[in-house]
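Engineer: One structure follows; several queries about it will come next.
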Amino acid sequence: MTPQPRPIAILLLISELIEQWKLVAPEFSFSLRSTMASPWLWADEVGTQTVLNGLIDNAVKYSPTGTSIELTVEPCGDGCITIAVQDKGPGIAPEHQSKVFDRFYRVDGSDARSVYGHGLGLSIAKQLVTAMGGEIWVESEMGKGSRFAFTLPMMEKSDEETLLVVEDDSELNKLLVTTLERRGYKVLSATHGKEALQTAYQLHPDLIILDVMMPDIDGWQTCKRLREMSDVPIVMLTAKAEESDVIQGFSLGADDYVKNPSASRSWRCGSVLSSNVPSARRTK
């Protein structure tokens, strides 16, 4: 696996997984506890989700029916975040704990729910975590369950001016991100309205470049909802920029328009940023 790191709102990701697992395994209860208000990872999203699903699946397999499975998120003090899944399973003896991440290793017990390790699951989890720059381990006591934990890098805070590009066309998204990064900006990327709202709420970019035509929530509604929560400058992307579109955008809180953006026109985003940064940090 070649990781493709990006900002991940880890509490949101875990919450969504928990809702899915409530449907898959309704006989269990799931909870999330965090000592951090709004932590962000810098990791591969698919890889992170795969590891979490594997550990939750492991917990469901080896915990008695009707028990609770707890997920926790906490800082680990070295620029990383520790994510853990606690089960109510039979526990793993000390001599087996370093081996459960080996391929096909199993810890045999007296019944089906006392056989820890399921083929390649934990081995793959270790490979993914290692590829993303983290560590994975297990803490366990016989008869009291196991806590599988792993670390991943936390997104670093920066004093650089940050732009959020919201564009569902992958080629145009990449063009905008590349062009603006070359001009010295830190650039975040989103491909739909919901993701844009989540990223803006958590990371407070200095300017948002927002496509009008998008699936999920279109640019108009996204602009309206962004303006309700922040004074961040918003530049709309549109293919036509007809007078009616411009009027509608301004009425919803947009600050400027870019028609058919290209590398040569990206300077307009920079000029809007320069004149609006002081108000971008004032949240309502």
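The values are calculated or read from the model by the stated rules, or taken from the named source; none is laboratory data. In this text the structure is predicted, and so the values were computed from the model without any measurement. Glycine gets a Cβ as well: all are built from the backbone with ideal geometry, and neighbour counts include every protein chain shown. With ligands, DNA and RNA removed, areas are computed over all heavy atoms of the protein, side chains included. Shrake-Rupley method; radii C 1.70, N 1.55, O 1.52, S 1.80 Å.
Engineer: Out of (1) more than 19 Å from the chain's Cα centre (by Cα); (2) open to solvent by 50 Å² or more (accessible area, probe 1.4 Å), the odd one out for L210 is which?
Structural biologist: (2)
Engineer: If E27 passes every condition in (1) over 30 Å from H204 (Cβ atoms); (2) in a strand (DSSP E or B) but one, which one does it miss?
Structural biologist: Result: E27 fails condition (2) only.
Engineer: Against the condition open to solvent by 20 Å² or more (accessible area, probe 1.4 Å) and either of a type in the set (D, E, K, R) or modelled with pLDDT of 90 or more (or both), how does T35 come out, does it pass?
Structural biologist: yes
Engineer: OK, next. Please find, among G47, G77, the residue that is under 30 Å from K186 (Cα atoms), touching a residue at least 40 places away in the same chain (Cβ under 8 Å) and either of a type outside the set (D, E) or touching a helix residue (DSSP H, G or I) at 6+ places or on another chain (Cβ under 9 Å) (or both).
Structural biologist: G47
Engineer: Out of everything in segment 38-94 that is over 19 Å from V138 (Cα atoms) and among the aromatic types (F, W, Y), what residue ends up being modelled with the highest pLDDT?
Structural biologist: Per the stated criteria, the residue is W42.
Engineer: Further question on the same structure: Name the single residue that is nearest to S123 (Cα to Cα) among those in segment 38-83 being out of contact with any Phe, Trp or Tyr (no Cβ under 8 Å at 6 or more places or on another chain), among the hydrophobic types (A, V, I, L, M, F, W, C) and open to solvent by 10 Å² or more (accessible area, probe 1.4 Å).
Structural biologist: V46
Engineer: Also, quick follow-up: Exactly one condition in (1) over 22 Å from L152 (Cα atoms); (2) of a type outside the set (S, T, Y); (3) under 11 Å from the mean Cα position of the chain (by Cα) is false for E19; which is it?
Structural biologist: Condition not satisfied by E19: (3).
Engineer: Filter segment 170-188 down to residues that are open to solvent by 50 Å² or more (accessible area, probe 1.4 Å) and within 20 Å of the chain's Cα centre (by Cα) and give me whichever is nearest to T222 (Cα to Cα).
Structural biologist: S170
Engineer: Ok, one more. Give me the pairs: first residue in segment 175-193 and free of Cβ contacts under 8 Å to residues at least 24 places away in the same chain and in a helix (DSSP H, G or I), second residue crowded, with 18+ Cβ neighbours inside 10 Å and not charged (D, E, K, R), beta-carbon distance under 6 Å, and six or more apart or on different chains, which are they?
Structural biologist: V177/V165; V177/V187; V177/S189; E181/V187
Engineer: May I pose another question? Please state which one of T151, T199, T222 is under 30 Å from K126 (Cβ atoms) and either in a helix (DSSP H, G or I) or over 18 Å from the mean Cα position of the chain (by Cα) (or both).
Structural biologist: T199
Engineer: I'd like to verify a number: residues in segment 1-32 that are more than 24 Å from T199 (Cβ to Cβ) and surrounded by 21 or more Cβ atoms within 10 Å (Cβ to Cβ), how many?
Structural biologist: So the count comes out to 1.
Engineer: If you take the residues of segment 120-143 that are of a type in the set (G, A, S), within 19 Å of V60 (Cα to Cα) and open to solvent by less than 20 Å² (accessible area, probe 1.4 Å), which of them is modelled with the highest pLDDT?
Structural biologist: Residue satisfying both the conditions and the ranking: A125.
Engineer: Out of (1) at pLDDT 90 or above; (2) open to solvent by 30 Å² or more (accessible area, probe 1.4 Å), what's the single condition that is false for C223?
Structural biologist: (2)
Engineer: Say we look at segment 189-207 and pick out the residues that are open to solvent by less than 40 Å² (accessible area, probe 1.4 Å) and of a type in the set (G, A, S); which of these is nearest to P5 (Cα to Cα)?
Structural biologist: A190
Engineer: Further, regarding this structure: Take the residues in segment 79-98 that are in a strand (DSSP E or B) and among the polar types (S, T, N, Q); name whichever of them is nearest to the chain's Cα centre (by Cα).
Structural biologist: That would be T82.
Engineer: Would you mention how many residues in segment 11-30 are in contact with a Ser or Thr (Cβ under 7 Å, 6 or more places away or on another chain) and of a type in the set (S, T, Y)?
Structural biologist: So the count comes out to 1.
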